[in-house]
Every structure is written in structure tokens, then in C-alpha cells.
Amino acid sequence: MASTPSIRQFTACIRCVRQIPTANGRRRLLSTSAVAREELQTQAANATPPAPPSNPPEGAAQNASAHQVPEYMQKWGTLDPQMVENKKQERRLLRREHVQPVGSRRRRAALRRSALQKAVEVPFEQLPYQCFQEARKFLLEDRQEKIKEIETQQLRIKNLMEQDPQLSGGLAAKETRLRSMRKHLNKLIILADINDPVVKRKFEDGQGDMNKPIYRYLADQKWRKYKRLVLDQRITQMSVIPDLLPSLDLTADIDLGFGRKEVAPGDFVDSAISEKMPRLNVQTFTPGEKLVTVVVVDADVPVPEKDSFTYRCHLIASNISISPTQTSIPLQRIAHEDQKAVDPAAKKIALPWIAPWAHKGAPYHRLAIFVFEQNEGRMLDVVKLGKTKRSVFNLRSFADSNKLSAITATLFRTKWDDSMAGVMERAGLKNRINVEFKRKKVEPLPYKRRTERMR
């Protein structure tokens, strides 16, 4: 007859993720099997200690630290990218070493505690916790069922593709059915790995392979829960949509920056910083490579003669390849490569970058950055796009004439500041530096004048 578990056993099981040292210095194993306990102890006894890291000569390290690292930064001590566990240490690591922390903060904290306790590192999937291993068995059984369903669905798709379209109700009906079956197949592929703890750990640590559907799905869901909502709010709140395009369905993530400065959607950027070309990082969540076109438009160019505003194009770059694993759009490097290109058709930048500028007294300017997907991956004629007029630029007609579909967008703002005069002078606009916009004085109505005289 099985014995009834005590409250002490349940308490230990709840705290199984913590390493509990006992009086004799050994860790308590929560597995109920003596065989499993002996195997783990044997693995720990036979485990070879990790090889010491290869350090550079002490003299070189001291000279480098003395010349490059200020004295107050040396007092911060050793900062390991694998083990910094709070925001203060992360900022110090990025500021002194110029290195990003590795993985999630929870993972780094666990590694640091394990190093302090000098515990033997056990592979994640072999953790000796009974509840964890029993849950893994259940998840593995569910995954095997999903794999069988995937094989069955693949066989059905193969049979349908070999079938005569007349037996399927026509070619259109056959294509619709194939599309529906492939969609269900992709759903099964994601469900097979969605509950795997190893997959979730790799995704949280930033080690997921975006070539695999499960990691693209997890990244898409994470983006839609917060970052997409903020981006959608900015472009609609600041009327980028519908001022430039009638509508936009965001399907890709985008990050904007100038040099090392990260720019959130809608932030003000100093004119001296925005004088150089921006850098973009576009993360797509659908498989395969895409050819995209990047367009930067100023949506608030004043027209004093008509007392209104118009648009001005600041950049057009086409035929840029991106994919789920190739996310960077290095416009500065592309511009350098275009300068070396002999054939004009081989270039990618149709209209080179011009620095955003605003007159003194004028309201802020919205600089919108759109990323368009080219139709069916076809190359665009860069020479023809180079003839596009910058002033009075119409983004709607540009997208329609070239059959482009917008996948994402962002924006930043600029206004008159202390550096704007120098930026305009370097851009060849010296004669416009002294132009200042002032509000017109509105004369009161006649009955209001009479009321004022009576007072």
C-alpha cells in the first residue's frame, strides 16, 4: 500500500526550483527513485571541471584598462555579460564594455547563483525534479500525436496536388482547398512545439532560430501584445495615417536609430544627429526573402503663399533584401556601395538622403519612414525612380504606380534648434536661414472693438 505524502514533501516540491543546501553541504534530490539519485550523483562525480578561460597577458590588459577605461569605471569591478542581474549592472556593462547582456535577466540571475554556490550545471531537460520530468513526458506524448497529424496532413496535400482538378470541382476550388490545408499544416507545426520548455527558454534568452515557424510565431505574438500597439498609436495619433496613406496594416516590426542613438516612434531628434542617414532594423514574421523599398517623407513643409502645407521626399532606396534572419537595412553602407558602382541600374538609392530642416517659428515637422514590399519580388528601375521630384511628393500615387504595399512605418520629429542653421548651410540653404515664421495678428471683430472702447 502506497504511503501518503507528507506536507514536507509538497513544500519541497513547490520550492524545487531553488537549490536547498543541507547540513552536510550536499543538495537535496527530490527524485523518489534511488536509481535516478545514484545516476545523478555519478554524473556529478564524473563531471570534468570546465577549462579555465584563456586570458590575455596581464601587462596588455592593464595597459588597455589604464588607457581606455576611466578610473571611476574601474571601481565597478568585473561585469560578466552572462551574469549581470540588475538594471544598474546592465547599464554599466553597456557603458564600459559596449557589450549587451546575454539572455534574459532571470537566466543570468540563475547562472550567477549557481556559480556562487559552485553547483554542477545540469542540462535544462535533465533537471532532477519529479514534477518537471512527469510534465515533460506528457508534453512529449502530445508532441508525438501532433507529428502523426502533420505526416497525415502532408500526405493529404500530396494526394490532392496529384489529383485531377476536375475531380476537385475545378482549378480554383482545388487551390482554395490546398491553401486551407497548408494553413492547417502550419498550425499543427506550431502546436507541436508551442509547449516545449526548451523552445520557450531559448526564445526568452534570445537564442531562437527565426528560420523555424515556432520562433517566428512567438516573436510575432510578443510584438503584437505591446510594441505594435504603441507603433500603431503613434502613426495614427500624429496623423501620419491618413495624411500620407489612407490606411496601413502593420505586419513587420521596425526599429529606428541614428548612430548609437535609438529613436522611439514620434521622438524629437536634434538636427545635428538627423543630418546623417538613419539606420533601420525591420523584423518580418513570414518565411522567405523580400525586396523592399524605403521612403522618407516630410509631411509638414510650409507653403506661405497658400497658407498651407505640402510634402517633400528625403530618401528613396529600392531593391533591398530582408528576411526573418536578415533584418538590418544599413542605408549608410548601401550609399557607400552605390558610390563605387559603375552601372547606374545596379544602385539601390534612387534619391539620396537630404537632412531634415525646419524654419524658425514654424511648427514641428513629421518625418515619416515607410517600408514597402515590392510586388512579387520584382526589381524596380532605380534610374526611373531617380527622376522623381522631391517637392510636392505624393506617396499614394508613388505606391500605386510602382505596385508597392506598405508593411510597416515609423516616424520622428524635428524643429528649429541651435544646430539647424549649420545644417541648412551645409545643405546649400544659406539664403533661407534667416527666414522666420510668425503668427498673423487677428484683428478683433467690429462689435468687440466697440465693447473695448466702452470699457
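Look through Pro304, Pro246 and report the one residue that is more than 17 Å from the chain's Cα centre (by Cα), at pLDDT below 90 and either surrounded by fewer than 18 Cβ atoms within 10 Å (Cβ to Cβ) or over 22 Å from Ala399 (Cα atoms) (or both). The unique qualifying residue is Pro304.
Kindly list, by first and then second residue, each pair from a residue in region 406-420 that is over 19 Å from Gln237 (Cα atoms) and in the same structural domain as Arg396 (by TED's automatic domain parsing) to a residue that is aliphatic (A, V, I, L, M) and open to solvent by 30 Å² or more (accessible area, probe 1.4 Å), limited to pairs with Cβ atoms under 8 Å and residues at least 6 apart or on different chains. Short answer, once both residue conditions are applied: Ser419/Ala272. Taken over region 194-217, the criterion of being free of Cβ contacts under 8 Å to residues at least 24 places away in the same chain and under 13 Å from Arg107 (Cα atoms) is satisfied by Lys200, Lys202, Phe203. Inside region 306-323, residues that are farther than 19 Å from Thr388 by Cα and in contact with a helix residue (DSSP H, G or I) (Cβ under 6 Å, 6 or more places away or on another chain) make up a count of 0.
Note on region 427-449: residues that are open to solvent by 100 Å² or more (accessible area, probe 1.4 Å) and not in a helix (DSSP H, G or I) amount to 7.
Gln82 - would you say it is surrounded by 10 or more Cβ atoms within 10 Å (Cβ to Cβ), modelled with pLDDT under 85 and within 28 Å of Lys202 (Cβ to Cβ)?
So Gln82 fits the description; yes.
Taken together, the residues in region 157-184 that are open to solvent by less than 80 Å² (accessible area, probe 1.4 Å), among the aliphatic types (A, V, I, L, M) and more than 19 Å from Ile147 (Cα to Cα) amount to 4. Across region 407-426, the qualifying residues are those that are open to solvent by 10 Å² or more (accessible area, probe 1.4 Å) and in contact with a helix residue (DSSP H, G or I) (Cβ under 6 Å, 6 or more places away or on another chain), and the one among them that is farthest from Ala346 (Cα to Cα) is Asp417.
Residues of region 318-334 that are open to solvent by less than 60 Å² (accessible area, probe 1.4 Å) and under 26 Å from Asp220 (Cα atoms): Ser318, Asn319, Ile320, Ser321, Ile322, Ser323, Pro324, Thr327, Ile329, Pro330, Leu331. Of Ile254, Ile241, all but one fail to be of a type in the set (Val, Ile, Thr), buried (at least 19 other Cβ atoms within 10 Å of the Cβ) and touching a helix residue (DSSP H, G or I) at 6+ places or on another chain (Cβ under 9 Å); the exception is Ile254. Among the residues making up region 345-380, those that are surrounded by fewer than 19 Cβ atoms within 10 Å (Cβ to Cβ) and without any contact (Cβ under 8 Å) to a residue 40 or more places away in the chain are Ala345, Ala346, Pro352, Asn375, Glu376. In the set Val282, Val263, Val295, only one residue is buried (at least 19 other Cβ atoms within 10 Å of the Cβ), touching a residue at least 12 places away in the same chain (Cβ under 8 Å), more than 23 Å from Arg396 (Cα to Cα) and not charged (D, E, K, R); that residue is Val263.
What residue, of Glu337, Glu289, is among the charged types (D, E, K, R), within 23 Å of Leu248 (Cα to Cα) and open to solvent by 30 Å² or more (accessible area, probe 1.4 Å)? Step through it out loud before you land on a result.
Values: Glu337 fails: within 23 Å of Leu248 (Cα to Cα).
None of the others qualify; the one that does is Glu289.
Across region 107-160, which residue is modelled with the highest pLDDT among those that are aromatic (Phe, Trp, Tyr) and assigned to a helix (DSSP H, G or I)?
Ranking the qualifying residues of region 107-160, first place goes to Phe138.
Cβ separations smaller than 7 Å between residues 6+ apart or across chains give the following pairs from region 129-152 residues that are farther than 10 Å from Asn195 by Cβ to residues that are open to solvent by less than 50 Å² (accessible area, probe 1.4 Å) and not in a helix (DSSP H, G or I): Tyr129/Cys16; Tyr129/Leu30; Gln130/Leu30; Gln130/Ser31; Cys131/Cys16.
Going by the structure shown, is Gly428 on the phi > 0 side of the Ramachandran plot and in contact (Cβ under 8 Å) with a residue 24 or more places away in the chain? Answer is no for this residue.
A search for C-beta distances below 8 Å between a residue of region 161-183 that is part of a helix (DSSP H, G or I) and any residue that is loosely packed, with under 11 Cβ neighbours inside 10 Å, counting only pairs 6+ apart in sequence or on different chains, returns Pro165/Leu171; Leu178/Met161.
Every condition in (1) in contact (Cβ under 8 Å) with a residue 40 or more places away in the chain; (2) within 25 Å of Asp232 (Cβ to Cβ); (3) outside any loop (DSSP other than H, G, I, E, B) holds for Ala317 except the one numbered (1). Restricting attention to region 396-406, the residues that are out of contact with any Phe, Trp or Tyr (no Cβ under 7 Å at 6 or more places or on another chain) and open to solvent by less than 30 Å² (accessible area, probe 1.4 Å) add up to 1.
The values are calculated or read from the model by the stated rules, or taken from the named source; none is laboratory data. Keep in mind that this is a model prediction, so the values were computed, not measured. Ideal geometry is used to build each Cβ from the backbone, glycine not excepted, and the neighbour counts take in all protein chains shown. Accessible surface areas use protein heavy atoms only, side chains included; no ligands, DNA or RNA. Shrake-Rupley method; radii C 1.70, N 1.55, O 1.52, S 1.80 Å.
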